[in-house]
Every structure is written in structure tokens, then in C-alpha cells.
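Enquirer: Take a look at the following structure, please.
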Amino acid sequence: MIKIDVLMSTYNGEKYLAQQIDSILAQKGGFSLKLHVRDDGSTDGTCNILKKYSEKQGVNVVYGKNIGVNASMMELIKNSSENSDYFAFSDQDDLWYDFRLNEAISALEAAKTDKPLLWSCMEELTDENLTPYNFMPMPKYLGNFYNAIIQNKTAGHTQVFNKSLRNLYKDYPPKKMYVYDWVLYIMASAFGKVLFCEKTCGKYRQHGTNSIGYETGWLKQLPRRAKRLLRGDFKHITAQLEYFYETYKDKLNLEHRRELDRMLNSRKNILKRIYYALTTKIKRNTKFESAQFRLLYILGVFK
């Protein structure tokens with residue numbers, strides 16, 4: 001029987017956690033499921049909730065100190081079963097439809113390859129009470145390396161992946177990640193394939209304590225992007241790419257390696273930045289977003 005590990009890092013998630021775990025344990029299909037949870041030093045009632053679930057078959061809980069979501073997720077990856085066929089990330093506050101994992105496994109099995117595979121899906125955006133108000137937008141360049149290195153289009157809570165991708169990813173140092181799910185997406189785009197399910201497979205709950213969150217429409221996204229700029233997030237994005245390039249450049253195909261090399265080495269002066277911005281193959285989901293990238297690159301934001 002096909003085996004799948006679902007990996008969840010929790011932190012002060014008592015409000016919505018039980019509903020999400022119940023939806024995971026209610027998944028239907030011809031596979032064996034094991035839920036692995038690592039608590040990242042919660043100070044609310046999260047651990048009490050987890051203790052109740054840890055008594056159920058198919059649920060494994062580890063309680064750790066607070067190390068942050070990237071490191072916590074990588075601990076889960078490292079400790080996941082070598083005998084499992086597939087792996088899925090889960091947030092602590094969403095709700096999965098009961099066909100979600102069966103949909104993912106069916107698509108991954110149909111691909112019939114040992115190459116790194118990543119599956120992602122559509123989700124319904126809801127308020128904190130799970131009242132829907134929109135859908136996540138359809139990704140335009142999903143799995144395109146020139147998009148993946150600068151835009152994450154498979155959120156972690158939608159990701160299901162095969163053993164080949166897990167083994168490639170499991171030793172990636174958390175300190176070299178901007179976001180754990182983005183690295184996984186870049187790897188799949190560079191060395192394997194990304195599959196996308198247009199069927200809505202769950203509800204993505206938006207609330208005041210989301211670690212990432214989501215907005216639809218570029219006007220609503222502007223405040224979040226401005227905050228990222230002020231925080232210096234683009235430096236961390238660049239550092240993530242620098243490590244990826246130095247570590248995997250010999251495995252990249254020639255065109256991908258050249259483009260990433262150009263991006264990272266054209267930052268030294270304004271003339272080189274302008275030339276690169278005018279000739280880059282990198283593209284974001286819309287023409288407006290692509291123009292934003294070129295402008296920010298010219299201004300030297302990607303240091």
C-alpha cells in the first residue's frame with residue numbers, strides 16, 4: 001500500500017488546530033497515512049490538544065523548543081520515514097477536503113517517473129470562520145524556472161511531493177532558506193516537474209495571526225509588498241538564491257545556470273543592472289509584477 005507522511009509544525013495554534021487535524025485524519029483513498037507533528041515551543045493550549053491526538057493511531061507528536069518554521073519543518077523532513085512514498089506539508093489552521101491527498105497521489109502516480117515531483121492545488125480563501133470570499137489565483141508560469149527563482153507559486157500548505165524530491169531537499173540548511181516551501185518549489189522546477197490540480201482541494205483560512213497570509217488583487221497586495229521591502233526581505237530572497245546557485249550550479253542545465261549567474265553577478269553597478277533588467281528571462285505572474293521586478297532590480301534592492 002502507498003504510504004504518505006503529512007508534516008505539520010505547530011506554534012500557538014490552539015484556536016483552529018483540532019479542525020485541521022480532523023480533516024487530515026478524515027482523508028479518503030487507498031493509501032496509508034501518518035501525521036507527524038512537531039510543536040515549535042507553543043505557550044498556549046496547543047500541546048494539550050496535541051497530547052489528545054497523540055493517543056490516536058497514525059499520529060506522532062514531538063515537542064521541541066522554538067526554532068522557527070523553516071527549521072521546524074526541516075526537522076520534520078529529516079525525521080520522516082524513508083519507507084514512505086509521498087510527503088505533504090500542512091499548516092495548522094486550514095481545512096482539507098477529504099479527497100485532497102487521493103487527488104495528489106493519483107496525479108503523482110500517473111506521472112510514472114523517479115524524477116523530483118511536486119504537486120500543488122487550488123484552495124478557497126476564507127475568513128477565520130471558514131466563510132469563503134475568493135480563490136487563490138491560477139498560477140501562470142507554474143514550474144517555470146525563470147519564474148520560480150523569483151516567485152513562489154506553490155504555497156507550503158498545498159504541497160505534496162515524492163521521495164526523490166524529499167531526498168534532494170532534506171539536507172538543505174534552514175538558515176539558507178527565506179521560506180521552506182519556496183526552496184522546494186525551486187528544486188522541483190529546476191530538477192523535476194511541478195503538477196497542478198485546478199480542482200479546489202481545501203480552505204485556506206485567513207486571520208490575524210497567519211504567518212504568511214494571502215491577499216488577492218495587486219492593490220491589496222501593495223501594503224504587504226511594501227512591508228517586505230522595508231524589512232529587507234529581498235536581501236534574504238537573494239541570499240536564498242546565492243546558496244542555491246553555489247550548491248547546485250553543476251546540476252542545473254546550462255540555460256538556467258547562465259540566467260541565475262547573470263542575475264547574481266549583474267548587481268555590481270547601475271549600468272549592469274539596467275542591461276540585465278532589459279534582457280532578463282525572469283518573469284513574474286503578470287506583466288505588472290514583472291515590471292516591478294525589473295524596477296526593483298535596477299534600484300539595487302536585490303543586494
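The values are calculated or read from the model by the stated rules, or taken from the named source; none is laboratory data. Keep in mind that what you see is a predicted model, and the values were worked out from it rather than measured. Here the Cβ is made from the backbone with ideal geometry for all residues, glycine too, and neighbour counts use every protein chain on show.
Enquirer: Which residues, counting only those in region 111-143, are more than 21 Å from the chain's Cα centre (by Cα) and either polar (S, T, N, Q) or not assigned by TED's automatic domain parsing to the domain that holds Arg100 (or both)?
Expert: Thr113, Asn129, Thr131
Enquirer: Residues that are at pLDDT 95 or above and touching a Lys or Arg at 6+ places or on another chain (Cβ under 6 Å): which strands (runs of 3 or more DSSP E) entirely in region 121-213 hold 1 or more of them?
Expert: Of the strands (runs of 3 or more DSSP E) lying wholly inside region 121-213, those with at least 1 residues that are at pLDDT 95 or above and touching a Lys or Arg at 6+ places or on another chain (Cβ under 6 Å) span 193-205.
Enquirer: Quick check on my filter: what residues within region 3-61 are of a type outside the set (A, V, I, L, M), more than 22 Å from the chain's Cα centre (by Cα) and closer than 22 Å to Ala107 by Cα?
Expert: Correct list: Lys28, Gly29, Gly30, Phe31, Ser32.
Enquirer: Regarding region 45-57, can at least one residue be identified that is assigned to a helix (DSSP H, G or I), in contact (Cβ under 8 Å) with a residue 40 or more places away in the chain, over 21 Å from Ala26 (Cα atoms) and in the same structural domain as Tyr180 (by TED's automatic domain parsing)?
Expert: Scanning region 45-57 turns up no residue that is assigned to a helix (DSSP H, G or I), in contact (Cβ under 8 Å) with a residue 40 or more places away in the chain, over 21 Å from Ala26 (Cα atoms) and in the same structural domain as Tyr180 (by TED's automatic domain parsing).
Enquirer: While we're looking at this one, here's another question. All but one of (1) part of a loop (DSSP other than H, G, I, E, B); (2) in contact with a helix residue (DSSP H, G or I) (Cβ under 7 Å, 6 or more places away or on another chain) hold for Phe89; state the number of the condition that does not hold.
Expert: (1)
Enquirer: When you scan region 1-36, how many residues do you find that are assigned to a strand (DSSP E or B), in contact with a helix residue (DSSP H, G or I) (Cβ under 9 Å, 6 or more places away or on another chain) and without any contact (Cβ under 8 Å) to a residue 60 or more places away in the chain?
Expert: Looking only at that region, the number is 2.
Enquirer: Now a separate question. Select from region 105-124 the residues that are surrounded by fewer than 18 Cβ atoms within 10 Å (Cβ to Cβ), among the aliphatic types (A, V, I, L, M) and touching a residue at least 40 places away in the same chain (Cβ under 8 Å) and write down the one among them that is nearest to Thr154 (Cα to Cα).
Expert: Within region 105-124, the first condition is being surrounded by fewer than 18 Cβ atoms within 10 Å (Cβ to Cβ), and the residues that meet it are 106-107, 109-115.
After this cut, where a residue has to be among the aliphatic types (A, V, I, L, M) as well, the list is 107, 110-111.
Now restrict to residues that are touching a residue at least 40 places away in the same chain (Cβ under 8 Å): 107, 111.
Numbers: Ala107: 16, Ala111: 18 Å.
Of everything passing the filter in region 105-124, Ala107 is nearest to Thr154 (Cα to Cα).
Enquirer: Given (1) surrounded by 22 or more Cβ atoms within 10 Å (Cβ to Cβ); (2) of a type in the set (Lys, Arg); (3) over 30 Å from Asn129 (Cβ atoms), where does Arg38 come up short, assuming only one miss?
Expert: With (1) surrounded by 22 or more Cβ atoms within 10 Å (Cβ to Cβ); (2) of a type in the set (Lys, Arg); (3) over 30 Å from Asn129 (Cβ atoms) applied to Arg38, the lone miss is (3).
Enquirer: Further question on the same structure: Given the residues Lys272, Lys249, which is the only one that is surrounded by 12 or more Cβ atoms within 10 Å (Cβ to Cβ), at pLDDT 90 or above and within 30 Å of Lys115 (Cβ to Cβ)?
Expert: Sole residue among the options that is surrounded by 12 or more Cβ atoms within 10 Å (Cβ to Cβ), at pLDDT 90 or above and within 30 Å of Lys115 (Cβ to Cβ): Lys249.
Enquirer: Can we say Asn102 is closer than 21 Å to Gln159 by Cβ and either touching a Pro at 6+ places or on another chain (Cβ under 8 Å) or assigned by TED's automatic domain parsing to the domain that holds Leu142 (or both)?
Expert: Judged against the criteria, Asn102 is a match.
Enquirer: Tell me yes or no: at least one residue of region 174-195 is among the hydrophobic types (A, V, I, L, M, F, W, C) and more than 30 Å from Ser81 (Cβ to Cβ).
Expert: no
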